[in-house]
Amino acid sequence: MDDERSTSGFDIAFEEARAAEARGEVPIGATILLDGQVIARAGNRTRELNDPTAHAEMLAIREAAAKLGSERIGGADIYVTLEPCPMCAGAISFARLRRLYYAASDPKSGGVEQGPRVFSHPTCHHVPEIYGGIRAEESSTMLSAFFAGRRGSER
């Protein structure tokens, strides 16, 4: 793993997560790099867009595919602040992303090392290289604080 790329990819993903939180969204961010260059970045926008598929990963994949003019963006790497859900893991596979880097695991909704483990199924079209647990504590702290704040405001 190239530390410089993972740091910049994660730095931007965390910026996107903080921006999502400022919009009242669950603070999750994603960045896609190709040849060391950022080609897409996004944070969750499910509430803002009234779209249950507007996860950070999905939005970043859509942006990258549009920029490259192809539904396959092989050779690119995605950095996400939380383990992708099954929907996003499926999109990562279909997009043929080369590597997946993620911060915290998601025991409730994850689809990579938790839950359905999308990439381990024989029907999975493409399996990226997977690197999890990078900056996990930072992500977990951000998410815990967000949800604690939400629970506090619902009382």
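Given a 1.4 Å probe and every protein chain left where it sits, what share in percent of the accessible area of region 1-137 is carbon and sulfur?
50 percent
Ranked from highest to lowest mean number of other Cβ atoms within 10 Å per residue, what is the order of the peptides 98-105, 122-129, 71-78?
The most tightly packed comes first, giving 98-105, 71-78, 122-129.
By accessible area of protein heavy atoms, probe 1.4 Å, what ranking do Asp51, Asp35 get, highest first?
Reading off the accessible areas and sorting them downward yields Asp35, Asp51.
Given the DSSP H assignment, sum -39500 (n - 2.57) over each helix run of at least 4 residues in the chain and divide by its residue total; what's the result at 222 nm in deg cm²/dmol, nearest 500?
Value at 222 nm, helices only, nearest 500: -13500 deg cm²/dmol.
Along each of its three principal axes, how wide is the spread of alpha-carbon positions in the chain, in whole angstrom units, largest first?
Computed over the Cα atoms, the extents are 46, 32, 31 Å.
For the chain, list the DSSP H helices whose alpha carbon atoms reach 24 Å or more along the long axis and whose average Kyte-Doolittle value is -1.0 or above?
Helices meeting the span and hydropathy rule in the chain are 3-22, 136-153.
Suppose we look only past 17 Å in the calculated P(r) of region 97-155. What percent of the Cα-Cα pairs does that tail hold?
51 percent
Quick one: accessible area per residue over region 1-114, 1.4 Å probe, rounded to a whole number of Å²?
So region 1-114 comes to 42 Å² accessible per residue, rounded to a whole number.
Taking a quarter of the surface of the Cα convex hull of region 8-66, what do you get in nm²?
Mean orientational projected area (region 8-66, Cα hull): 3.6 nm².
Could you give me the ³J(HN,Hα) list for region 101-113, computed from phi with Karplus coefficients 6.51, -1.76, 1.60 and θ = phi - 60°, whole Hz, x at Gly and Pro?
Per-residue couplings from phi come out as 10, 9, 7, 7, 6, 10, x, 8, 10, x, x, 10, 9 Hz.
Would you compute, for the Cα atoms of region 68-124, the largest minus smallest coordinate along each principal axis and list the three values in descending order, in whole Å?
Largest to smallest, the principal-axis extents are 34, 26, 14 Å.
The values are calculated or read from the model by the stated rules, or taken from the named source; none is laboratory data. Everything numeric in this text was worked out from a predicted model, so none of it was measured. Because the Cβ atoms are built from the backbone with ideal geometry, glycine has one as well, and the counts that use them run over all protein chains shown. Quick note on the areas: whole protein, heavy atoms, side chains included, nothing else; ligands and nucleic acids left out. Shrake-Rupley method; radii C 1.70, N 1.55, O 1.52, S 1.80 Å.
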